[in-house]
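Okay, structure first, notes after.
We did not get these values from a lab; they are worked out from the coordinates using the rules stated. Predicted, not measured: the structure shown is a model, and the values here were computed from it. Heads up, the Cβs are rebuilt from the backbone with ideal geometry, glycines too, and the neighbour counts pull from every protein chain shown.
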Amino acid sequence: MTRMPAGRPGGPRPGGAPSQGAPTASVDPVKLIKKYKFVLVGAFVFSVVFGVAAFFVLQRVMPQYKATVVFEATPAEIKTEQINVNSLDIDEINRFMRTQVMAMTSESVLWDVAGDGRLLTDAPEWAEGRLVKGTVDKRQVVEDLESSVSVSIIPETYYIRMSASAPKAGEAAALAKLVRESYMNSRTKQTRGEINNRRESLSRRIDSLENEIKDLSARRARIVRDEELDTIDAGRSEASEKIGGVNTQLLQVSQTIEAVEVSLERFETMLTSPTGIQYTDTQRAQAERDPEVGSLNQQITNLEAQRLAMRAEGILPGHRSYRQIEAQISAHKQKLADKREQKLREIFDAEVDGTRRTMAQLRAQESELLTEREALRVKLNELTGILTEVGDLETQIDRLLGQRADAGARLDQLESQADLDTVARMLVSQREVVPSVMSFPKVVVIVPLSVLLICGLTGSLIVAREMLDQRIKGASDVAMIPRTRVVGVVPIASEDPSSPERIELAFADQPRGVIAESYRQLRTGLVKSMARAGHKSLVVTSGLPGSGATSVVTNLAHACAATDQRVLIIDANFRRPAMHGVFALAEGPGLADVLAGEMTLAETAQNTTTTNIDLLTAGSRDRRVFERLGTEAMASVLTEAADGYDLILIDVAPCIVAGDAVAVANRADASLLVTRALREKRGMVARIKNELSDSRAEFMGVLVNAARSAAGGYMRKNIRTSHGYQQEQAAAAPVEPVESGA
């Protein structure tokens with residue numbers, strides 16, 4: 001016998017069962033509706049009847065009539081020329097409406113209603129319950145009105161709805177009227193007070209503006225009188241003209257200064273130049289006209305004339321007299337050159353000094369002109385400042401006159417609007433009328449509310465019951481157990497239309513029944529998983545007695561035998577064996593005799609009337625030793641059986657009764673837990689699953705047996721569909737039932 005690890009979580013499961021990792025809802029609403037549909041229908045009918053009855057009772061005991069008043073809020077005061085849709089302050093009017101909603105039910109308004117003598121005459125029955133020693137208890141009236149009067153803004157409008165409730169229609173209208181009149185009176189008083197405050201404020205504003213206008217006018221008149229404004233314009237013109245003349249002179253002086261500065265720079269350059277002073281022709285001509293220079297020129301001319309006369313007389317240059325004349329001429333020429341240079345320098349120095357004096361004079365003239373221009377500008381600014389001040393005063397006077405006129409117009413408008421209805425900004429759009437229909441109770445409200453509450457309570461109780469019920473009812477409950485897979489679901493025999501007589505032989509007796517089809521589905525997935533792992537022996541156990549482990553073994557054996565598999569059934573339930581009775585065979589010898597070593601498997605295995613199925617019964621009673629089920633002898637029996645059979649199914653006692661299942665599982669290849677719907681609880685199944693999983697055998701999963709359509713989800717429709725299909729097929733080609741000894 002071989003072993004392989006358990007299948008991976010989330011992998012395919014035998015019989016198409018959901019994987020252990022798939023999330024499963026703890027409560028299936030469709031399943032609950034189908035399961036408790038009659039309870040829900042009964043709850044619905046009861047809730048409707050209860051709602052109608054409650055309506056008639058409340059109509060007699062607690063009737064309520066509601067009278068309604070509708071107010072319209074108007075925008076705040078706006079100037080006539082500004083009235084348009086865009087000028088309305090939506091936020092302001094919304095704030096105003098919310099304020100009025102609070103004001104309508106304010107204590108002051110309700111207190112006025114409580115003190116109104118008409119309360120006893122217009123609503124006597126309502127007021128009668130608020131009398132103390134024949135006098136109205138105002139505090140009680142106010143408290144009751146706070147609960148009887150409701151105010152709300154009608155959405156997307158400028159309307160406010162105020163309603164008053166009372167047991168009688170006429171008294172409801174009377175209360176609404178009293179509250180309306182009290183509120184409107186309060187609003188009128190408040191508005192008149194606001195108008196008086198605004199009137200006084202505007203009057204004070206007008207007086208203040210008139211005083212400011214008088215002060216500014218007096219100041220302007222004083223300036224005009226003191227400064228002689230008629231001469232100011234002429235003075236400004238004269239100052240402007242003088243400034244223009246001074247600017248012209250300054251321009252001319254500046255240009256002259258620039259020319260003189262050029263001459264001075266040229267003179268300074270000559271004085272510092274290594275080549276000396278370069279005299280002009282004018283300077284040289286002026287030097288030649290000097291008397292001393294002229295006298296020297298004349299003397300030189302006379303000497304040259306004497307030299308010519310001596311040459312004419314034949315005196316030669318070598319003559320002493322001739323040389324004297326030559327020497328005199330040279331001396332005079334040298335003297336002339338020195339004198340000429342002296343005169344040129346004197347002339348040059350005189351021009352430099354003159355230019356410097358001219359520059360000083362020009363600078364002085366420029367300074368005088370600048371001083372004069374600055375004085376003229378100061379005078380012009382003073383005159384301009386006076387005119388500007390007068391202009392500013394006139395502008396302020398005009399602005400204050402405009403404000404005075406605006407305040408006066410607002411005061412006139414306020415006086416004209418003081419007696420208008422719109423001044424309070426709240427108009428009565430719809431007055432109260434005596435209601436003809438009760439506001440409470442209403443059948444369209446009471447009955448649906450009753451249905452909602454009772455059906456909701458019923459549904460909550462059903463869900464709570466299902467949540468608290470830990471019993472296994474179907475595959476979904478098994479899937480809620482961590483790491484537990486479902487290998488199949490077998491419906492209860494009473495819901496199988498084929499009506500098998502014995503559930504242990506349902507597959508053999510009714511091969512086209514729904515139960516038989518369920519075992520075919522179980523066989524397909526289970527045998528495939530065991531074959532893939534190389535397993536041949538399968539321990540089938542249950543949690544509680546009566547869960548159907550024996551019927552699962554016999555039907556699964558018939559299902560596998562129908563596929564030509566050789567199956568050996570081993571009855572290892574030493575405490576309450578049943579297999580020999582199912583197949584109508586002798587109780588012994590059997591497994592107990594083989595484990596005791598008295599006989600062999602070949603000697604004790606019995607053939608059944610069903611082809612391919614052999615049975616190893618529990619054996620002799622005196623040899624049934626429970627401890628031998630977990631020994632090597634049991635392992636030897638299974639090993640020997642694996643050589644001669646394709647599948648070995650072992651039926652053992654329920655786990656809650658004995659630990660035989662775990663003992664055998666430590667010697668077998670695989671194990672299967674059978675749980676009966678509506679019997680075992682999830683906690684017990686989880687514990688047994690863990691014990692089997694810890695054994696040597698691979699735990700294949702849980703089979704839900706005897707599942708009811710109401711508790712297992714949507715099985716009823718599937719059962720009917722499967723049975724109908726099978727019957728149509730049976731009518732076309734009848735099939736012989738599987739042979740059985742039962």
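Things to note:
- Among the helices of the chain, those built from whole DSSP H runs whose Cα atoms reach 30 Å or more along their own axis and whose mean Kyte-Doolittle hydropathy is at least -0.5 are 37-61, 229-272, 443-468.
- When Rg and the Kirkwood radius Rh are both evaluated on Cα atoms of region 98-246, their ratio Rg/Rh stands at 1.59.
- Point-to-point label distance, Glu146-Lys133, nm (Cα→Cβ direction, 7 Å offset): 2.5 nm
- Gyration tensor verdict on the chain (Cα atoms; rounded if a/c is under 1.5, prolate if a/b is larger than b/c, oblate otherwise): oblate
- Each of Thr563, Thr541, Val527 was scored by the projection of its Cα onto the charge dipole of region 480-613, and the greatest displacement toward the positive side belongs to Val527; charges sit on the C-beta of Lys, Arg, Asp and Glu.
- Modelled spin-label separation between Ala584 and Asp694, with each label point placed 7 Å from Cα along the Cα-to-Cβ direction: 4.5 nm.
- Of the residues Ile472, Ile656, the one with the fewest other Cβ atoms within 10 Å heads the list, and the complete ranking is Ile656, Ile472.
- Here is how the number arises for the chain: DSSP H runs of 4 or more residues each give -39500 (n - 2.57), the sum is divided by the residue count, and the result at 222 nm is -20000 deg cm²/dmol.
- Between the listed residues Ala305, Leu344, Thr371, the Cα displaced farthest toward the positive end of the dipole of region 231-417, a dipole computed from Cβ unit charges relative to the Cα centre, is found at Ala305.
- From largest to smallest, the equivalent ellipsoid semi-axes obtained for region 516-606 from the alpha-carbon gyration tensor read 24, 16, 13 Å.
- Ranked Met102, Met684, Met579, criterion: other C-beta atoms within 10 Å, fewest first: Met102, Met684, Met579
- FRET efficiency for Met467 and Val48, using Cβ-Cβ distance with R0 set to 35 Å, rounded to 0.05: 0.80
- Contact order, relative form, for region 231-417: 40 percent (alpha carbon pairs under 8 Å, 6 or more residues apart, mean separation divided by residue count).
- Between Val352 and Thr282, the FRET efficiency from the beta-carbon distance, with R0 = 22 Å, is close to 0.90.
- Rounded to the nearest 20 debye, dipole of the chain from Cβ charges on Lys, Arg, Asp, Glu: 2920 debye
- Sorted by Cβ neighbour density within 10 Å, fewest at the top, the residues Leu526, Leu145, Leu387: Leu387, Leu145, Leu526
- Taking all Cα pairs closer than 8 Å and separated by 6 or more residues, the relative contact order of the chain comes to 20 percent.
- Positive-end residue of Ala123, Ala259, Ile613, charge dipole of the chain with Cβ unit charges: Ile613
- Contour excess over end-to-end distance, with Cα ends at Arg320 and Ser436 and 0.36 nm allotted per residue: 24.5 nm
- Sequence-distant contacts, meaning Cα pairs under 8 Å at least 6 residues apart, place the relative contact order of region 459-617 at 16 percent.
- For region 353-410, the Cα-based Rg and Dmax, in that order, read 24.9, 84 Å.
- Spatial offset of region 475-502 relative to region 391-470 amounts to 63 Å, using the alpha carbon center of each.
- Value in Å of the Kirkwood radius, where region 647-696 supplies the Cα pairs that are averaged: 11.4 Å
- Eligible lysines near Lys31 by straight Cα distance, threshold 22 Å, same-chain separation 8 or greater: Lys473, Lys681, Lys717
- For region 206-278, convex hull volume per residue from C-alpha positions, Å³: 151 Å³
- By the rule of a C-alpha distance below 25 Å, with chain neighbours fewer than 8 residues away ignored, the lysines paired with Lys379 are Lys242.
- For a paramagnetic label modelled on Glu212 (point 7 Å from Cα along Cα→Cβ), amide N atoms under 16 Å away belong, within region 359-400, to 392-400.
- Counting only residues at least eight positions apart within a chain, or on another chain, the aspartates and glutamates with an alpha carbon under 14 Å from that of Lys214 are Glu394, Asp398.
- A simple charge model with +1 on the Cβ of Lys and Arg, -1 on the Cβ of Asp and Glu and nothing else charged puts the dipole of region 231-417 at about 1700 debye relative to its Cα centre.
- Kirkwood-type hydrodynamic radius, region 481-544: 13.4 Å, calculated from all non-identical alpha-carbon pairs.
- With q set to 0.09, 0.16, 0.18, 0.19 Å⁻¹, the log10 of I(q)/I(0) for region 231-417, from the Debye formula over equal scatterers at the Cα positions, is -0.68, -1.05, -1.14, -1.19.
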